[in-house]
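A short worksheet on the structure shown next.
The values are calculated or read from the model by the stated rules, or taken from the named source; none is laboratory data. Source: prediction; values computed, not measured. Glycine also receives a Cβ, built like all others from the backbone with ideal geometry; neighbour counts cover every protein chain displayed. To get the accessible areas, we keep the full protein, side chains included, count just its heavy atoms, and leave off ligands, DNA and RNA. Shrake-Rupley method; radii C 1.70, N 1.55, O 1.52, S 1.80 Å.
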Amino acid sequence: MGKEGFYRCVECSRKAAELHRDYSNGILKITICGSCQKPADKYIEYDPVIILIDAILCKAQAFRHILFNTSLNIHWKLCVFCLLCEAYLRWSALHGSEQSSDPADIIRYTKEWEFYGKFGLAALELMAFCSGVLSFLWLWVSCLQGGSIELNLLLRGLLLSCYGKVLLVPAVIWEHDYSPFCLGLIKLFVLTSNSQAIRVILNCSRRLSLVAVCFGLLSETLTAQACSKLPWSIQDIQDMWTS
């Protein structure tokens, strides 16, 4: 849990000094918010599975509980895992349908180099997305409105809300004619979660969070197009190292 004043009511997002009180004999009483007169954090008594389901449904209360009232610091590990999932998706798209009898095409390190390249490209695109979102919000809130934002908290929220990318691997394993449609739905779900995380952290309108996500998506798309036009490839790098 956080420090005093760090907690937030999951219903109205007002600051709370405490979420519950511990009495003798293991009795736990949830604090009532002084603003909305509702339990400050009902998820304290919920099973983690219920919290996860509510987060998947993009409920603001679940997002506030995770972002403000817990000490969940797995965002960097989750980020790496999601990047591995996305890299695997791109790598499998290159080699999933290959039919070649040339032994050089199945050398293990060759495909590993290509996987690392896809991982680096996915990481670069994620950096571009987060940078675009954070830059837009910083300019809008700090420069235009004269407010202040917590960039670290926003970055943590963006990374945690990318958990939907883990669905990329099942989408590849259960490959069928509708895979592009499924991948599009996964992308839409991730962007929706990103928008909800921004809305919860800044307590802003849905329109502002959507514009910020669209700005980040534009930055990511431009970065991907720029990388695709570079005059080098993974095979070129391999040839350079082996020559």
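Using only protein heavy atoms and a 1.4 Å probe, report how much of Trp138 is accessible, in Å² to the nearest 10.
For Trp138, the solvent-accessible surface is approximately 120 Å².
5 Å is the cut-off here: which amide hydrogens, built 1.01 Å from N in the peptide plane, fall below it relative to Tyr7, excluding neighbours closer than 5 in sequence?
Answer set, sorted by chain and number: Ala16.
For the pairs Lys118/Lys229; Lys187/Lys229; Lys165/Lys187; Lys15/Lys38; Lys42/Lys165, note any where the Cα-Cα span goes beyond 18 Å.
Check vs 18 Å cut-off fails for Lys187/Lys229; Lys42/Lys165.
What ranking of His20, His75 comes out by heavy-atom accessible area, probe 1.4 Å, highest first? Write down the numbers at each step before the final one.
Values: His20 55, His75 25 Å².
Ranking His20, His75 by accessible area, largest first, yields His20, His75.
Among 211-217, 34-40, how do they line up by average Cβ neighbours within 10 Å per residue, starting with the highest?
Details: 211-217: 20.6, 34-40: 15.6.
Going from most to least packed, we get 211-217, 34-40.
Heavy atoms of the protein only, probe of 1.4 Å, neighbouring chains included. What is the accessible area of Glu150 in Å², nearest 10?
My reading of the accessible area for Glu150 is about 110 Å².
At 1.4 Å probe size, what's the solvent-accessible area of Asp22? Round to the nearest 10 Å².
Solvent-accessible area, nearest 10 Å²: 110 Å².
For Phe181, Phe115, what's the largest-to-smallest order of accessible area, 1.4 Å probe?
Listed by decreasing accessible area, they come as Phe181, Phe115.
Just reorder Ile173, Ile30, Ile50 by solvent-accessible area, largest first, 1.4 Å probe, all chains present.
Descending order: Ile173, Ile50, Ile30.
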